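Let me begin by presenting the structure, written as structure tokens, before commenting on it.
The values are calculated or read from the model by the stated rules, or taken from the named source; none is laboratory data. Quick caveat: nothing in here was measured; it's all calculated off a predicted structure. Here the Cβ positions follow ideal geometry from the backbone for every residue, glycine too, while neighbour counts run over all protein chains shown. Accessible surface areas use protein heavy atoms only, side chains included; no ligands, DNA or RNA. Shrake-Rupley method; radii C 1.70, N 1.55, O 1.52, S 1.80 Å.
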Amino acid sequence: MIWLFVSLAGGLGSAARFIVDSWVARHNRFNTPLGTIVINVIACFILGLATGMGIDHTMTRSWTSVIGTGFCGGYSTFSTASVEGARLILVGRPWVGLVHAGGMLVLCLLAAGLGMTLG
């Protein structure tokens with residue numbers, strides 16, 4: 001039965017990603033893909049929170065899977081982030097591409113660490 005909840009959470013995560021990315025795109029004044037950064041940082045925070053709660057047994061393994069694998073798997077978009085970074089480099093904006101990729105990595109690690117600490 002857990003596979004059903006993971007699947008449903010993945011669908012909810014994908015829908016949430018679409019909503020958040022659309023909102024960020026409408027309000028983005030920069031010529032960089034900020035939606036992907038926002039989405040991945042939030043996903044890493046949620047995953048860190050779920051992991052922290054799973055480690056101290058505040059959350060069951062099943063719910064950790066539903067949130068981590070299901071929701072965060074559907075919500076996060078690291079493949080898109082990789083393509084966006086490569087695209088920035090290929091169009092002649094190598095520093096922007098490197099800052100985009102490196103900045104996202106650092107922010108995501110910090111968000112995951114914060115989530116684990118709070119969880």
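Mean residue ellipticity at 222 nm, helices only, the chain: -26500 deg cm²/dmol; runs of at least 4 DSSP H residues each add -39,500 (n - 2.57), and the sum is divided by the number of residues. Average accessible surface for the chain: 62 Å² per residue, computed with a 1.4 Å probe over protein heavy atoms with every protein chain in place. Overall, the accessible surface of the chain at a probe of 1.4 angstrom is composed of carbon and sulfur to the extent of 73 percent. Once you've got the GNM for the chain with C-alpha springs shorter than 10 Å, pick whichever of Ser65, Ser14, Ser82 has the biggest mean-square fluctuation. The residue with the greatest mean-square fluctuation here is Ser82. Calculated from the structure at hand, Cα extents along the principal axes in Å is found among [x] 41, 40, 24; [y] 47, 27, 23; [z] 46, 39, 28 as [y].
With the highest mean first, a sort of the peptides 92-99, 26-33, 107-114, 52-59 on other beta-carbon atoms found within 10 angstrom per residue produces 107-114, 52-59, 92-99, 26-33.
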